[in-house]
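S.K.: Structure in structure tokens, see below.
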Amino acid sequence: MPFIIAIDGPAASGKGTIAHALAEHYGFHHLDTGLLYRATGAKGGDPVEAARTLAPADLERDGLRSSEAGQIASRIAIIPEVRSALVEFQRRFAVQEPGAVLDGRDIGTVICPDAPVKLYVIASNEVRAQRRAAELGADPAQMLSELRERDRRDRERDTAPMRPADDALIIDTSNISIDEAIAAAISIVDHRR
Ligand code: C5P
């Protein structure tokens, strides 16, 4: 059976970096599921139709990493039909041999509720805003208010809200280096394999 690592958490918590590093370490496939929502939002038009017809080329579109694309993604991500249109692709991705790492908001709760490893990565609002500002060359105060708005939308939506699964382990990256966070994640996975 392929091994699944589910990683959730808010924007700029470090979950993407940890997911990438785990996939490299174990030779697993990696899916950044936020990209599916960003690409769906960026297509424009009816978001449900956009999600149903999402193609690999849509994931290559310029500007998907921008703060604006993230905001649009979180607005269309509240629509239940958008989410359900993207479920099957994610579940199929997850069962590839020898294993897969998926990161997002609802991987441990909805997409892969039986994953043997579930991590929920957090960091303080200030640290996340600083990181995002450095990444995008933007103003930290502006990033802080955008992250807060997006977190609120992600947490408060009715369908698949952002939250740790009951059996998720929390990694707080506020005061540790990225190497320490990756080492912690690897030791958790090694214990479960
Ligand atoms: O992770 P990223 O910041 O790229 O995600 C963009 C947005 O996509 C999130 O703010 C969230 O609204 C949505 N998303 C989601 N479920 C996921 C991944 C992302 O709702 N599994």
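S.K.: Would you mind calculating the gained length between E49 and A141 on full extension (0.36 nm times residue separation, minus the Cα-Cα distance), in nm to one decimal? Walk me through the numbers before you get to the answer.
M.R.: Values: separation 92, 0.36 × 92 = 33.12 nm, distance 3.51 nm.
So the extension gain works out to 29.6 nm.
S.K.: Another question about this same structure. Treat every Asp and Glu Cβ in segment 3-187 as -1 and every Lys and Arg Cβ as +1, leave all other atoms uncharged, and give the resulting dipole magnitude about the Cα centre to the nearest 20 debye.
M.R.: That gives segment 3-187 a dipole magnitude of about 300 debye.
S.K.: What does the extension gain come out to for Q71 and L59, with contour length at 0.36 nm per residue minus their alpha carbon separation?
M.R.: Here the segment from Q71 to L59 would lengthen by 2.7 nm.
S.K.: So what's the back-of-envelope 222 nm ellipticity for the chain, counting only DSSP H runs of four-plus at -39500 (n - 2.57) apiece and dividing by all residues, rounded to 500?
M.R.: Numbers: 8 runs with 97 residues, N = 193.
Value at 222 nm, helices only: -15500 deg cm²/dmol.
S.K.: Projected area of segment 9-113, taken from the Cα convex hull and averaged over every viewing direction, in nm²?
M.R.: That works out to 6.4 nm².
S.K.: Hey, another quick one. So, in nm, how far is label E24 from label R152 when the simple model puts each one 7 Å beyond its Cα toward the Cβ?
M.R.: The two pseudo-label positions are separated by 3.7 nm.
S.K.: How far apart, in nanometres, would the label points at V95 and R193 be if each is projected 7 angstrom from Cα along the Cα-to-Cβ direction?
M.R.: Rounded to a tenth, the inter-label distance reads 2.3 nm.
S.K.: To continue, here is another question. Which three semi-axes in whole Å describe the equivalent ellipsoid of the chain, each the square root of 5 times a Cα gyration tensor eigenvalue, listed largest first?
M.R.: 24, 22, 15
S.K.: Could you tell me, in Å, what Rg and Dmax come out for the Cα atoms of segment 98-193?
M.R.: According to the Cα coordinates of segment 98-193, Rg and Dmax are 14.8, 42 Å.
S.K.: If you build a Gaussian network model of the chain, linking Cα atoms that sit under 10 Å apart, which residue out of R157, R38, R128 swings the most?
M.R.: Looking only at R157, R38, R128, the biggest GNM fluctuation is shown by R157.
S.K.: With springs only between Cα atoms under 10 Å, which of A129, A55, A85 fluctuates most in a Gaussian network model of the chain?
M.R.: Greatest mean-square fluctuation among the candidates belongs to A55.
S.K.: Further question: Any idea what the relative contact order of the chain is, in percent, if you count C-alpha pairs under 8 Å spaced at least 6 apart?
M.R.: 34 percent
Since every read-out is calculated from the coordinates, none of them should be taken as a lab result. What you see is a predicted model; the values in this text were computed from it and never measured. Methodologically, a virtual Cβ is constructed for each residue, glycine included, from the backbone with ideal geometry; neighbour enumeration extends over all protein chains shown.
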